[in-house]
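All remarks here apply to the structure that follows.
A short reminder: the numbers here are calculations on the coordinates, not readings from a lab. Keep in mind that what you see is a predicted model, and the values were worked out from it rather than measured. Because the Cβ atoms are built from the backbone with ideal geometry, glycine has one as well, and the counts that use them run over all protein chains shown.
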Amino acid sequence: MTDSPPRARARATRRRGSDRGFNRVFRWIAVGSGVLILAVLAAVALFLLWQAWPALTAGSDELATAVPRYPEDTSFVAYVGPLVFGTLLAAILALAIATPLAIGIALFISHYAPRRLSQVLGYLVDLLAAVPSVIYGLWGFFVLAPFVVPIWSWLNEYLGWFPLFAGEASPTGRVLATVAIVLAVMILPIITAVSREVFLQTPKLHEEAALALGATRWELVRTAVLPFGRSGIISAAMLGLGRALGETMAVLMILSPGFLYSFHILDSAQHQTIAAYIALDFPEASGLAVNTLIATGLVLFVITLAVNMGARAIVARRKEFSGAN
Amino acid sequence: MSATTAHPPTAESTERVRSMLTAAHPGRKRVDRTMTVLVWGAFALAMVPLISLLWTVTSNGIGRISMDFLTLSMRNIFGGDPTGGIYHAIMGTLIITGLATLISVPIGVLTAIYLVEYGRGALARSVTFFVDVMTGIPSIVAGLFAVALFTLILGPAARFGLIGAVALSVLMIPVVVRSCEEMLKLVPNELREAAYALGVPKWLTIVKVVLRTSVAGLTTGVLLAIARVIGETAPLLVAVGVTDSINTNPFEGRMMTLPVFAYRQYSQGLATCPGGESATCIPDIALQNAWGAALVLIVLVLLLNIIGRLVNRWFSPKLR
Amino acid sequence: MNLSRFTRAGSAVAVGVLALSLAACGSDPEPADTAAGDDTADSTETGSAEDMESLSGQLSGGGASSQEAAMNAWRAGFQQMNPDATVNYDPVGSGGGRTGFGDGSYAFAGSDAALDEEELAAAEAQCGPGGVIEFPGYVSPVAVAFNLEGVDSLNLQPETIASIFLGEITQWNDEAIAADNPDAELPDTAITVVHRSDESGTTENFEEYLYSVAPDIWTEEPSGVWPVEGQESAQGTSGVVGAAQAGEGTITYADASQIADLGTVAVGVGDEFVPYSAEAAAEVVAQSPRTEGTSEYVYTIDLERDIAGTYPIVLVSYSLACTTYADEETAGLVKGFLTYLASEEGQQAAADAAGSAPLSDTIRQAVMPGIESISAG
């Protein structure tokens, strides 16, 4: 089952020999834009590689003199390690907070809220996606961080045995946990919007069949809506994760960064993400330091790719449940 | 492959549903009620940051909004001078984001069509691969790429709106492709088959059936993609530069955009007022400007959303 | 259904019209003291414009964001004298400014650090035979600021400052602090150091100060990034000031014009304590020697941090330009703009808007011949 049904369809169509006239033109337009995207994106990737190359091939002594933040006698891998860790930790935490919430909201809009209300509510959530990240940064800095300080210190005091809450809670609240919340709020609308559209497309027959068997609303959701939407939810979560991994401004403005492998998300000066790191040091960087920053960007690519491929593998395995076709 | 076999009610799943339905009644009701509360709760919880954000931006920004603020630029305005406005930034945002949308949406949607309706083999796989990689591009890299591309052709000093639009497109295209691909996949195959059975050519089926059926989803996808890039600062600073004057020509000269304006104003911090605070010199005017610009940006996106929904309603098939 | 389709279309059109009407009514603000219209705007009111031919065209530069506020004042002042000219400055950062100046992206640039050899070579290749002009156009005192209930100012010796920022002095009522401040009521509060999380010229300058006045305590080479790990940090001047205001017992370093209501440190220089001021900062720049062995129009300085009566922590940000440009228009604009920037009037405008320290006459006299020599060629 590697071919999706539409592709099988396309083959069938061709076999009937109807690929003539405007059909052919349209197909070439579609293929053309695919090729164009491939060209552009490959160009970006090549550009990145070209720019990152001097840093990747330079010795660690050379890098240590050119890049102020580069510790001496460290390989490039050891240098980006903490950044990769911080990036993944922030994104995973954000995803863990946002995904269940987003599914709940999407269900609320598609199956729970009164129909008249649901569209308006949908716009309200979409509005969150529209807020630029600079504003999330300002809000996180001025409003959220001071607000969560007592909550974080409470968690630290009473649930400190849990590895994530260990350490010493920061008095300013500008820590990874706060960043994760802001990232979660930022990706919430993306996951919600896609899941909502998927849930709304649940075949009426499936739903009616469940209702006819006497299912409650939750059972309807569990037996008809969620299995149908599973691959859509995963794709939605991956779109959100992409944004969380690459988010710059909000992290930059809120987090008090550090370069450690640490699970203490309530402690300041522990973590840093790749995107924020690049933006922090890029303005003052010149020469090899710029190449090094771009090389760290390349690492972000690799992470994103791995995450996406993982997601695609999951979706492919679950294909039999995605009842669209 | 026909519609009835694609989602077969296996013996196992039928059994599961039956056993579930014959389970103890009060328990089922309780679960249902709990989940209803949880779902409502999830929604209520999401409203908290939304309302807090909107309140923060509105209460801080509304005081700055006036006719002057919306229709003047910042040319020759500096320090604590409370006159001037963000007209240049509004126009810059509309033009650059508009251009980026014009570039990305046709390409993105057509590629999604290609992937869902035609794609197979190495080309489709490599498109998917690169789209996946590109969703993680750090935004400043997109800016650097666009600058490198244009300066290669036009010499080192080239900085204008179109470069920014290209940079934003690089960020936008993957989002458009990924979300539209998902929406096109949702169109039931029965609809396509019905159209073919009536002798409708494939291209017409795609335009009239597939696209029209999924128009709501496509609109959502495009709006998400616009929202993704309309708030960008770093790539625009590198690719377009900044200006205080009005420039509506995206092919020549620097432009200002709302997020860049808001960020730069926030970064400037307090102004020095030699004679103390007065009507002509307000120390924290830059921060007020930043909040004002943020409010305008949010309203702009809200308007955009409303227009999108209107278009969407207009085109989507009337099912009920 | 048809009807509703029309109303929908109608409302879409209405929104569009609204957007267009907004698009049609914007304008650049007119100078308050001149009459409207371009033909009357080459005025006699703006004093120094009288003896100068009015310039026109677009000039673009970029670089250090520390100069942004001052640059806004200079651009506005210059544009008021030359209403047909537009000067833009991209605050992309010092590194971006130096690189952009070297490859010809920017006609002029601002940088918190002087050009190094490699960059100077690139810039000279770009500028042609006349060479590069480099001078400290923007000098700003960096304040050591703290947030401590009931304390507005403190006297601190350089060694004490270094120990505090290293994290070795951890309480505000430490003896080293109390010894220099017999009158202050120092609470038993922990000291929270807040530093810049981004690489910055301000950080480098502050590090250079600590490295040169307290070399036994502060042993890290200055680099632009903060060497001490595990402390609070925030991005940009606005960030550190905001973080310092939010916490109790915080101490940070920031551009003196931005510290708002935070308390400030009078820094020990020799036997006395000098509070920050633009004048005392200007003095340290004026009295420090010019770097030796530079070419004619490159005026960089080696700051001396222990001259009595001067405020030793200053950010010296350089202005960069070429002596030769490819076209007449750019050469004229750069010449006019830098002339204004370096003039007493321009320096005062920056001082009023950004709290910077005006350029000394000695430096001005040294660089003016270079600026006057700018030509097309």
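Against the empirical 2.2 N^0.38 Å (N residues), region A:70-217 has a Cα radius of gyration ratio of 1.38. Pick from C:A326, C:A254, C:A308: which is most flexible by mean-square fluctuation in a GNM of chain C where alpha carbon atoms under 10 Å apart are linked? Checking each option, the largest mean-square fluctuation is seen for C:A326. Counting every Cα pair in region B:163-265, what percent are over 23 Å apart? Tail of P(r) above 23 Å: 47 percent of Cα pairs. Basic side chains Lys and Arg get +1 at the Cβ, acidic Asp and Glu get -1 at the Cβ, and with that the dipole of region B:66-315 about its Cα centre reaches some 780 debye. Determine the shape class of region A:199-325: with a ≥ b ≥ c the square roots of the Cα gyration tensor eigenvalues, call it rounded for a/c under 1.5, and otherwise prolate if a/b is greater than b/c, oblate otherwise. Taking the square roots of the gyration eigenvalues as a ≥ b ≥ c, region A:199-325 is prolate. The HN-Hα couplings worked out from phi for region C:318-328 by the Karplus form 6.51 cos²θ - 1.76 cosθ + 1.60 (θ = phi - 60°) are 9, 9, 10, 7, 9, 8, 10, 10, 5, 10, 4 Hz, whole numbers, x standing for Gly and Pro. About its Cα centre, the protein assembly as shown has a charge dipole of approximately 10860 debye under the convention of +1 per Lys or Arg Cβ and -1 per Asp or Glu Cβ, with nothing else charged. Farthest towards the positive end of the charge dipole of region C:142-280, among the residues C:V144, C:V274, C:A162, is the Cα of C:V144, using unit charges on the Cβ of Lys, Arg, Asp and Glu. Mean per-residue shielding of peptide C:194-200 is 6, counting Cβ atoms of other chains within 10 Å of each Cβ. Within the listed set C:S65, C:S54, C:S200, the Gaussian network model of chain C (springs between alpha-carbon atoms below 10 Å) gives the highest mean-square fluctuation for C:S54.
Can you give the local net charge around B:A158? Use residues other than it whose beta-carbon is closer than 15 angstrom to its beta-carbon, Lys and Arg +1, Asp and Glu -1. Local charge sum for B:A158: -1. Measuring nothing but how far apart in sequence close Cα pairs (under 8 Å, 6+ apart) lie, relative to its length, chain B scores a relative contact order of 26 percent. Inter-label distance, A:I92 to A:R116: 4.7 nm, where each label sits 7 Å from its Cα along the C-beta direction. Of A:F228, A:F282, A:F199, the residue with the greatest mean-square motion in the GNM of chain A, using alpha carbon springs below 10 Å, is A:F282.
Taking a ≥ b ≥ c as the square roots of the eigenvalues of the Cα gyration tensor of the protein assembly as shown, is the shape rounded (a/c under 1.5), prolate (a/b larger than b/c) or oblate? Prolate shape, in that a/c is at least 1.5 and a/b is the bigger ratio. Each of A:V25 and B:V299 was given a label point 7 Å from its Cα along the Cα-to-Cβ line. The distance between the two points is 4.5 nm.
Each Cα pair under 8 Å and six or more residues apart adds its separation to the average, and for chain C the resulting relative contact order is 22 percent. Is the shape of chain C best called rounded, prolate or oblate, per the rule: a/c under 1.5 gives rounded, else a/b larger than b/c gives prolate, else oblate, with a ≥ b ≥ c the square roots of the Cα gyration tensor eigenvalues? Oblate, since a/c reaches 1.5 and b/c is not below a/b. Taking R0 as 56 Å, what's the FRET efficiency between C:E372 and A:V143 from their Cβ-Cβ distance, rounded to 0.05? Once the sixth-power term is evaluated, E becomes 0.60. Across every pair of non-identical alpha carbons in chain B, the mean reciprocal distance, once inverted, gives a Kirkwood radius of 23.3 Å. Among beta bridges identified by DSSP and lying wholly in the protein assembly as shown, the antiparallel ones come to about 55 percent. For C:Q347, what is the net charge nearby, where nearby means another residue's Cβ is under 14 Å from its Cβ and Lys, Arg count +1, Asp, Glu -1? Value of the local net charge: -4. The spacing between region B:194-239 and region C:193-268, judged by their C-alpha centroids, is 49 Å. Fully extending the segment from B:S13 to B:V311 would add 103.2 nm, taking 0.36 nm per residue of separation and subtracting the current Cα-Cα distance. Can you compute the FRET efficiency between C:A125 and C:T219 using 1/(1 + (r/R0)^6), with r the Cβ-Cβ distance and R0 = 30 Å? Round to the nearest 0.05. In this case the efficiency is close to 0.20.
Calculated mean residue ellipticity at 222 nm for chain A: -23000 deg cm²/dmol, from DSSP H runs with n ≥ 4 weighted as -39500 (n - 2.57), summed, divided by the residue count and rounded to 500. Look at the stretch B:178-188: the mean tally of other chain Cβ atoms within 10 Å of its residues' Cβ atoms is 6. With contacts taken as Cα pairs under 8 Å and at least 6 residues apart, region A:73-321 reaches a relative contact order of 29 percent. With the helix formula -39500 (n - 2.57) applied to DSSP H stretches of n ≥ 4, chain C reaches a computed 222 nm mean residue ellipticity of -12000 deg cm²/dmol.
Any chance you could tell me what percent of the C-alpha pair distances in region C:142-280 go past 23 Å? Of the Cα pairs, 26 percent sit more than 23 Å apart.
The equivalent ellipsoid of chain A has semi-axes of 39, 31, 16 Å, largest first, where each one is the square root of 5 times an eigenvalue of the Cα gyration tensor.
If you average over every viewing direction, what projected area does the convex hull of the Cα atoms of region A:134-233 give, in nm²? Convex hull of Cα atoms, orientation-averaged projection: 9.2 nm². Amide H contacts of C:A376 (H built 1.01 Å from N, in plane; Pro and chain starts excluded): C:Y325 sit under 5 Å, all sequence-distant by 5 or more or on other chains.
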